[in-house]
Amino acid sequence: MSDAVPEPSQEGPVEPAGHDPAAPAPLNVPRTPTGNAEVDAQLERLGDADHLATDGHIEVYEDVHRGLRDALTALDARPGPPAPSPSYDQRAPSPSYGTRS
């Protein structure tokens, strides 16, 4: 009988042949529509990152961020309700006010 213990393999885990860990892989993150066409288009644009290598993601993320920022800015630029007209009681005093003859 031998007291020798087999040495553990120095090789790492075995990867399947042809598997490239840097290759694009879809994240399959669900994108729920918001009802705002501009925002929904930007969310769909995120799906483009699924087909790019990791180093290409930043361009997509920056583009989506810019688009979302533009959509928010457009909300600020839209005209709101009209301002209320001045009340009749807030008339300016007549030019002769405070002068004595």
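The values are calculated or read from the model by the stated rules, or taken from the named source; none is laboratory data. All values derive from a computational prediction rather than experimental measurement. The protein model used for the area step is the full one, side chains on, heavy atoms only, and it has no ligands, DNA or RNA in it. Shrake-Rupley method; radii C 1.70, N 1.55, O 1.52, S 1.80 Å.
Here the range 58-87 is the region considered, the condition is being part of a helix (DSSP H, G or I) and among the hydroxyl-bearing types (S, T, Y), and the residue that is nearest to P24 (Cα to Cα) is Y61.
Return the residues of the range 71-91 that are modelled with pLDDT of 85 or more and open to solvent by less than 90 Å² (accessible area, probe 1.4 Å); say none if nothing qualifies.
Step one: filter the range 71-91 for residues modelled with pLDDT of 85 or more, giving 71-74.
A71, T73, A74 - these are the residues of the range 71-91 that are modelled with pLDDT of 85 or more and open to solvent by less than 90 Å² (accessible area, probe 1.4 Å).
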